[in-house]
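Before any comments, here is the structure.
The values are calculated or read from the model by the stated rules, or taken from the named source; none is laboratory data. Quick caveat, the model's predicted, so the values are computed rather than measured. Heads up, the Cβs are rebuilt from the backbone with ideal geometry, glycines too, and the neighbour counts pull from every protein chain shown. All accessible areas refer to the heavy atoms of the entire protein, side chains included, with ligands and DNA or RNA removed. Shrake-Rupley method; radii C 1.70, N 1.55, O 1.52, S 1.80 Å.
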Amino acid sequence: MKNLFISCAVLILSLSSCSNDDKEMKDKKLVLVTSSNTSGKVTYVDLEKPSPMVQSFTIASLDAEGISYDPDTDAITVASRTNNRLESYSDVKTAAASGALALTASVSSSNLDFTNARETAVAGDKIVVAQDQLASNGMVNKLFVYQKTTSGFTLLKSYTVDFKLWGIHMDGNDLYAVVDLTSDIAVFKNFMNNPSGNITATKRVSIEGLVRTHGITYSAKEDLMVLTDVGSATSDSDGGLVYIKNFTSVFASTANMGTISTGNQIRIYGPNSQLGNPVDVVYDDKTKMTYVAERLNGGGKVLTFAKATMSADANPLSVRTEAGVTSIFIIRN
């Protein structure tokens, strides 16, 4: 009887485990969200569904950058350029299921910290905001670190940097940043360990052949850096994507203020790509797909590219028209 009891118990646990695994598999999501600087809307799509449907919601900000989505709290967060604050909108899945047309802000930060936000980077419950210089902020480029709580966003630290900011990305405790108006990227090692005040990049390098960086993302799993090139701000056809494989070693072997050569790059440029002003980019290391917020071509498009294996004028796998799209974010859970 003892052996029978143990066998039954094992069977029950096994079935329970299978049930839990099945539930977890069913609950798995690949969520893509975007924001716009002209429409006052954000979009949400679960790419794991057999027929993914793009759902659009009106928010309180006509102009929003730096979107992110937290599956644990089911909340979209944006850096509002309309209200100069972080805004979080919860119950997104409920709104999507009910066919709601708008989201209501649940929490927000002070509107006295930053203006002209360009991007955010997320690390756990910390959100970093990049402020680009403008007359309204005294022509100061700054990075703000917030902690998200149930009641809002608490400003922990702020850093002044000596170059124009746009895209940023957190990898562990290191922050990678685009040096706007140049072909450069910079890294701040152990970023959040620094006290508030002036901060200098640990290292800065140029990317050969790239005109003007904007979007930046890094896959630690693949050791892959992905950058966007907007080229001329007025051209809707001269943009591109730059992939740098084995980035850790390539970056380490490049001297401070040195250049990463085109020989270390895979480059997607040309009219077939529909890249003109690609202002933001995300990468899914499971499907090897790259998703791009293309701001200028056609008034705004979300472009999806297959795994880049060689430099080419690659056609996007999919093209979605989206007016004024400026930021894009992807997460698996």
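For residues that are farther than 20 Å from residue 117 by Cβ and among the small types (Gly, Ala, Ser), scanning just the range 43-64, find the one that is least open to solvent (accessible area, probe 1.4 Å).
Here the answer is 56.
Suppose the filter is of a type outside the set (Ser, Thr, Tyr) and either surrounded by fewer than 15 Cβ atoms within 10 Å (Cβ to Cβ) or free of Cβ contacts under 8 Å to residues at least 60 places away in the same chain (or both); does residue 240 pass it? I'd like the intermediate steps shown before the answer.
Working: of a type outside the set (Ser, Thr, Tyr): yes; either surrounded by fewer than 15 Cβ atoms within 10 Å (Cβ to Cβ) or free of Cβ contacts under 8 Å to residues at least 60 places away in the same chain (or both): yes.
Here the answer is yes, as residue 240 does meet what is asked.
Quick check on my filter: what residues within the range 287-322 are acidic (Asp, Glu) and either more than 19 Å from the chain's Cα centre (by Cα) or modelled with pLDDT under 95 (or both)?
Passing the criteria: only 313.
Only residues that are at negative phi and surrounded by fewer than 20 Cβ atoms within 10 Å (Cβ to Cβ): list them for the range 143-157, please. Step through it out loud before you land on a result.
Quick first cut of the range 143-157, residues at negative phi only: 143-151, 153-157.
Correct list: 147, 149, 150, 151, 154, 155, 156, 157.
State whether one or more residues within the range 91-113 are touching a residue at least 60 places away in the same chain (Cβ under 8 Å), of a type outside the set (A, V, I, L, M, F, W, C) and in a strand (DSSP E or B). Show your work before the answer.
Restricting attention to the range 91-113, the residues satisfying the condition of being touching a residue at least 60 places away in the same chain (Cβ under 8 Å) are 103.
Filter once more, keeping what is of a type outside the set (A, V, I, L, M, F, W, C): none.
No, the range 91-113 contains no residue that is touching a residue at least 60 places away in the same chain (Cβ under 8 Å), of a type outside the set (A, V, I, L, M, F, W, C) and in a strand (DSSP E or B).
In the range 158-209, which residues are over 26 Å from residue 240 (Cβ atoms), open to solvent by less than 40 Å² (accessible area, probe 1.4 Å) and part of a loop (DSSP other than H, G, I, E, B)?
Of everything in the range 158-209, just one residue is over 26 Å from residue 240 (Cβ atoms), open to solvent by less than 40 Å² (accessible area, probe 1.4 Å) and part of a loop (DSSP other than H, G, I, E, B), namely 199.
Could you name every one of the strands (runs of 3 or more DSSP E) located completely within the range 271-328 that has at least 3 residues being touching a strand residue (DSSP E or B) at 6+ places or on another chain (Cβ under 7 Å) and open to solvent by 50 Å² or more (accessible area, probe 1.4 Å)? Talk me through it step by step, then tell me what you get.
Working: elements: 278-284, 289-294, 301-305, 318-321.
By residue number, 318-321.
Looking at this structure, is residue 216 farther than 26 Å from residue 46 by Cα and open to solvent by less than 30 Å² (accessible area, probe 1.4 Å)? Break it down stepwise before answering.
On the way: farther than 26 Å from residue 46 by Cα: no; open to solvent by less than 30 Å² (accessible area, probe 1.4 Å): yes.
Here the answer is no, as residue 216 does not meet what is asked.
Can we say residue 155 is assigned to a strand (DSSP E or B), aliphatic (A, V, I, L, M), at pLDDT 95 or above and over 29 Å from residue 221 (Cα atoms)?
Numbers: assigned to a strand (DSSP E or B): yes; aliphatic (A, V, I, L, M): yes; at pLDDT 95 or above: yes; over 29 Å from residue 221 (Cα atoms): yes.
Answer is yes for this residue.
Look at the range 52-85 and say how many of its residues are more than 14 Å from residue 129 (Cβ to Cβ), among the charged types (D, E, K, R) and part of a strand (DSSP E or B).
Selection size over the range 52-85: 1.
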